[in-house]
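In what follows, a structure is listed as structure tokens, so that the remarks can point back to it.
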Amino acid sequence: ANVFATLGLAVRDRVGILLPQRPEVGISHLATYRSGAIAVPLFTLFGQDALRYRLKDSGAKIVVTDSVGANSIASIRDELPDLRTVINIDGASDGAEDFYALLERGSDSFKTVHTAAEDPALIIYTSGTTGDPKGALLPHRTMIGHMPGVEFSHDFLGQQGDLIWSPADWAWIGGLVDVLFAAWQLGVPVIARRFEKFDPDQALYLMERFAVRNVFMPPTALRMMRNISSKKFTGLNLRSLASGGESLGAELQDWSKNTLGIFINEFYGQTECNMTVSGCSSLYALKQGAIGRAAPGHLVAVIDHEGNEKPHGESGMIAVAAPNPVMFLGYWNNDSATQDKFIGRWLITGDTGSIDDEGYITFVGRDDDVITSAGYRIGPGPIEDCLTAHPSVQMAAVIGKPDDARTEIVKAFVVLREGYESSEALRDELKDWVKNRLSKHEYPREVEFLLDLPKTNTGKIIRRLLRN
């Protein structure tokens, strides 16, 4: 924080943090908040265009990064008029200051800038499924507001001996706020280890070696873990396993119970209003197909396009009521997009779902992912879950393909497990597999085999690219 002050950082200035999972991420965030400034976490996988847009849009004055990031920024620095200083944790480089040399020269006492709960702390850019990415501006209260959902998803994180790890990048709200900040709030140690590309065998080795007790792992990573022989999971010390970011499905839940001996607590939210729904297996039963209940402090409902709550069991838009302890302040420099995010007091998540009379919420899909076929509204999640239960399927993604007769037909993209090859016979087998287990109107009329599926930096399947 003293270093930032000597560099001229003022209250509400922006600080870009372009680093993998390592201690300097936490140091830089805390220094930013103590300075009354606003942190802008950035994925290390970003190319020049993505970095340029976010740094220019946010007007970041300082960036803390490593040598790889410093080189990337050097090539676009002339296009970033607000950027004054780049700090390199690996040492001084062309146009970048030495992180630890600056710390050595700085004072070890600092008077923290007073900030209120509603003051801005963080800009996290959304994945930008349509148009340019939008910077969700989050206030200081968000850090504490996450706690009920986090504690539920880990069966009350903070028990004696808890130790948490996640492969989720600390530039994503799921890794940064749901893991790093939440664990610190409870005094729980955090393992810092980010794989350049997720490797299930390395993940298993890390969890065994450090006797990790608590893990947040996105569904895509869990599906990759499922490919490891169940005999290799005997050395784990897991107490809680949380997952979110996309639909989990019953098949992964069954695998976890049978292989790991624990339930997966699914949670739900988005950057603009995160961790509002969670399962908590130690507190109440987890219902098949449900993503959990509203966490304490959050009012979650299913509404129509006029903002009226729908009856229990009816499908509609999942929405969260304001005021809310985790709700964002708005999109950075984008008032119109902020207004479009609300219907009255309800923040619209962009997801479709339903709520039963016990408060369990079922996720159907993103509004733009729901398939309309022959008058039926079909969510991709149950079909993908059914497909991944087939012994040959590692991952699956389902979209609606335009069709003159049915409006859309269900099309599945499938990644096969090792040892299986694509064939017409397997294609027909997968169609029948879904038809016999779900229904005749939900089975994929087309199946295409791929080597991999397009995913965001946070591991979510990009169905938009498959549709295109």
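The values are calculated or read from the model by the stated rules, or taken from the named source; none is laboratory data. Predicted model, so just to flag it, every value in this text is computed and none were measured. Ideal geometry is used to build each Cβ from the backbone, glycine not excepted, and the neighbour counts take in all protein chains shown.
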Selection over the stretch 152-188 where residues are among the hydroxyl-bearing types (S, T, Y) and either under 24 Å from Y284 (Cα atoms) or at pLDDT below 95 (or both) yields a count of 1
Practice task
Scan the stretch 273-288 and give yes if some residue there is closer than 20 Å to G174 by Cα and touching a Pro at 6+ places or on another chain (Cβ under 9 Å), otherwise no.
Solution key: yes
Of the residues in the stretch 413-468, those that are closer than 13 Å to I383 by Cβ and part of a loop (DSSP other than H, G, I, E, B) number 8
query: Going by the structure shown, is A192 under 26 Å from R141 (Cα atoms) and outside the structural domain of G419 (by TED's automatic domain parsing)?
result: yes
Contact list, first residue from the stretch 244-270 and free of Cβ contacts under 8 Å to residues at least 24 places away in the same chain, second anywhere and among the aliphatic types (A, V, I, L, M), beta-carbon distance below 6 Å, six or more apart or interchain, is F263/L286
Out of (1) in contact with a Lys or Arg (Cβ under 9 Å, 6 or more places away or on another chain); (2) surrounded by 16 or more Cβ atoms within 10 Å (Cβ to Cβ), the one D201 does not meet is (2)
Boolean, V447 is farther than 27 Å from W172 by Cα and touching a Leu at 6+ places or on another chain (Cβ under 6 Å): yes
Listed by first then second residue, the pairs whose first member lies in the stretch 275-297 and is on the phi > 0 side of the Ramachandran plot, whose partner is in a loop (DSSP other than H, G, I, E, B) and at pLDDT 95 or above, with beta carbons under 6 Å and at least 6 positions apart or on separate chains, are M275/H146; G292/G279; G297/P325
**Prompt:** Taking the stated definitions as given, is T126 β-branched (V, I, T) and more than 25 Å from F267 (Cα to Cα)?
**Reply:** no
Checking D369, D428 in turn, the sole residue that is of a type in the set (D, E, K, R), out of contact with any helix residue (DSSP H, G or I) (no Cβ under 8 Å at 6 or more places or on another chain) and over 20 Å from W255 (Cα atoms) turns out to be D428
Checking A412, A425, A405 in turn, the sole residue that is loosely packed, with under 14 Cβ neighbours inside 10 Å and modelled with pLDDT of 95 or more turns out to be A425
Does D340 satisfy the criteria of being under 23 Å from the mean Cα position of the chain (by Cα), farther than 20 Å from A295 by Cα and without any contact (Cβ under 8 Å) to a residue 12 or more places away in the chain? yes
Checking S281, S315 in turn, the sole residue that is closer than 25 Å to H146 by Cβ and not hydrophobic (A, V, I, L, M, F, W, C) turns out to be S281
Checked A70, A96 against criteria (in contact with a Gly (Cβ under 8 Å, 6 or more places away or on another chain), farther than 28 Å from N334 by Cα and in contact (Cβ under 8 Å) with a residue 24 or more places away in the chain); the one match is A70
The helices (runs of 4 or more DSSP H) lying entirely within the stretch 1-113 that contain at least 3 residues which are modelled with pLDDT of 95 or more, touching a strand residue (DSSP E or B) at 6+ places or on another chain (Cβ under 8 Å) and on the phi < 0 side of the Ramachandran plot are 23-34, 48-58, 67-74
Scanning the stretch 283-317 residue by residue, those of a type in the set (A, V, I, L, M), crowded, with 16+ Cβ neighbours inside 10 Å and not in a strand (DSSP E or B) turn out to be L286, A295
Going through (1) hydrophobic (A, V, I, L, M, F, W, C); (2) more than 30 Å from R213 (Cβ to Cβ); (3) within 22 Å of the chain's Cα centre (by Cα) one by one, V300 fails only at (2)
V320 vs (1) surrounded by 15 or more Cβ atoms within 10 Å (Cβ to Cβ); (2) part of a loop (DSSP other than H, G, I, E, B): all pass except (2)
Condition set assigned to a loop (DSSP other than H, G, I, E, B) and in contact with a Phe, Trp or Tyr (Cβ under 9 Å, 6 or more places away or on another chain), scope the stretch 372-390, selection surrounded by the most Cβ atoms within 10 Å (Cβ to Cβ): answer is G379
Filtering the stretch 346-366 down to residues that are of a type in the set (F, W, Y) and either part of a strand (DSSP E or B) or free of Cβ contacts under 8 Å to residues at least 40 places away in the same chain (or both) yields W346, F363
Every listed condition ((1) over 20 Å from the mean Cα position of the chain (by Cα); (2) assigned to a loop (DSSP other than H, G, I, E, B); (3) of a type outside the set (A, V, I, L, M)) holds for D369 save (1)
